[in-house]
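So the structure is just underneath, and the comments pick up after that.
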Amino acid sequence: MKKLYAFAVFSLLFLLAAAAVFSQEKGESKNPPQGGEAKYFDEEGENLFSESDGETVHPAEDKQHAFFFLFSEGASFSWLTRIIKQSGRSNFVFKDSLLGIYSRVDMHIENYITPMARLAVFYPLETTFNKYPQKPKTPLHIGMDMNLGVNFDIFDFSYFRLNAGPAFHLFFLNSDRWNYFELGMAAFTGIELPITERWTLVFNGYASLDNGNFGANRDMEPFDIVYQYQVDIGVRYSKKLKNGKSLFPPKETVLENPVLMR
């Protein structure tokens, strides 16, 4: 467990350092002329400003309702508990600690409701039975996790965003004893911290309650209670959905020869 906590701290520091490096990315801005409608484009062809009757619009604001996908990736940690109830003695409690990576895609349709899919791959670090560590016979084991749900934006502040939602949960684990397959429901919540205009630091938490008897254990070793907690630490980069405010905002520069489109 100490290795798991140390890796979590290292991952967080690494992601913060990476975000600080990308914060050096320069943004361009220029005040448009007065009157009529004018548009400025940078060297990449992105619209810097759009003015109509003296009202200036940030180019990202025109894309908030477009249909596109948002991708995030990072490290994931999982704590799995499976219980077999016993009468007249203590219950049989199996616990697994797993470390892995995840990838998540959010289908941006409108501002407040976003379908999402998440896939994670895990390696089991430690397995205990009634708090006693169980030494694996072979290190070649793997776990896979999938969540399909709907994400709701709850709070959207300048430097802090909170979202949550329900999801279907599927989990597979290969172990010394059985190939476990679990199916159930999960609830998740996420915190987003805008680092730069395009980079966002993401923290996600998942809690699931599953039926753990769809695998090879269903006849010989069925479980009565199966639940799982997962934590993600990752980043998201997006050109289409930019952060209006961020911890490291782009530096304002004046274009020497802007392209004027009317």
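The values are calculated or read from the model by the stated rules, or taken from the named source; none is laboratory data. From a predicted model like this one, the values you see are computed outputs, not experimental measurements. Counting neighbours? That spans all protein chains shown, and the Cβs are built from the backbone with ideal geometry, glycine included.
Pairs under 9 Å by beta carbon, first residue under 18 Å from ILE83 (Cβ atoms) in segment 122-134, partner modelled with pLDDT of 95 or more and aromatic (Phe, Trp, Tyr), six or more apart or different chains?
What qualifies is THR127/PHE94; THR128/PHE94; PHE129/PHE92; PHE129/PHE94; ASN130/PHE92; ASN130/PHE94; GLN134/PHE94.
For GLY165, only one of the following conditions fails: (1) within 15 Å of ASP106 (Cβ to Cβ); (2) surrounded by fewer than 15 Cβ atoms within 10 Å (Cβ to Cβ); (3) not polar (S, T, N, Q). What is its number?
(2)
Give just the number: which of (1) at pLDDT 90 or above; (2) surrounded by 12 or more Cβ atoms within 10 Å (Cβ to Cβ); (3) farther than 15 Å from SER238 by Cβ does GLU73 not satisfy?
Failed condition: (3).
Among the numbered criteria (1) at pLDDT below 95; (2) in contact with a strand residue (DSSP E or B) (Cβ under 6 Å, 6 or more places away or on another chain), which one does ASP219 miss?
Every condition holds for ASP219 apart from (2).
For segment 206-247, name all the residues that are closer than 18 Å to PHE172 by Cβ and of a type in the set (Lys, Arg).
The one that is closer than 18 Å to PHE172 by Cβ and of a type in the set (Lys, Arg): ARG218.
Looking at (1) outside any loop (DSSP other than H, G, I, E, B); (2) in contact with a Phe, Trp or Tyr (Cβ under 9 Å, 6 or more places away or on another chain); (3) not β-branched (Val, Ile, Thr), can you tell me which one PHE203 breaks?
(2)
Yes or no: segment 170-183 includes at least one residue that is over 17 Å from ARG82 (Cα atoms) and either in contact (Cβ under 8 Å) with a residue 40 or more places away in the chain or in contact with a strand residue (DSSP E or B) (Cβ under 6 Å, 6 or more places away or on another chain) (or both).
no
PHE94 fails exactly one of the following numbered conditions: (1) aromatic (Phe, Trp, Tyr); (2) surrounded by 17 or more Cβ atoms within 10 Å (Cβ to Cβ); (3) at pLDDT below 95. What is the number of that condition?
(3)
Can you tell me which residue in segment 187-226 is surrounded by the fewest Cβ atoms within 10 Å (Cβ to Cβ), limited to those that are within 13 Å of the chain's Cα centre (by Cα) and farther than 26 Å from PRO250 by Cα?
Going through the qualifying residues, I end up with GLY205.
Determine the pairs where a residue that is farther than 23 Å from MET116 by Cβ and of a type in the set (A, V, I, L, M), located within segment 204-225, has a partner that is surrounded by 14 or more Cβ atoms within 10 Å (Cβ to Cβ) and modelled with pLDDT under 95 with Cβ atoms under 6 Å apart, the partner being 6 or more residues away or on another chain.
Within 6 Å, the pairs are ALA216/TRP178.
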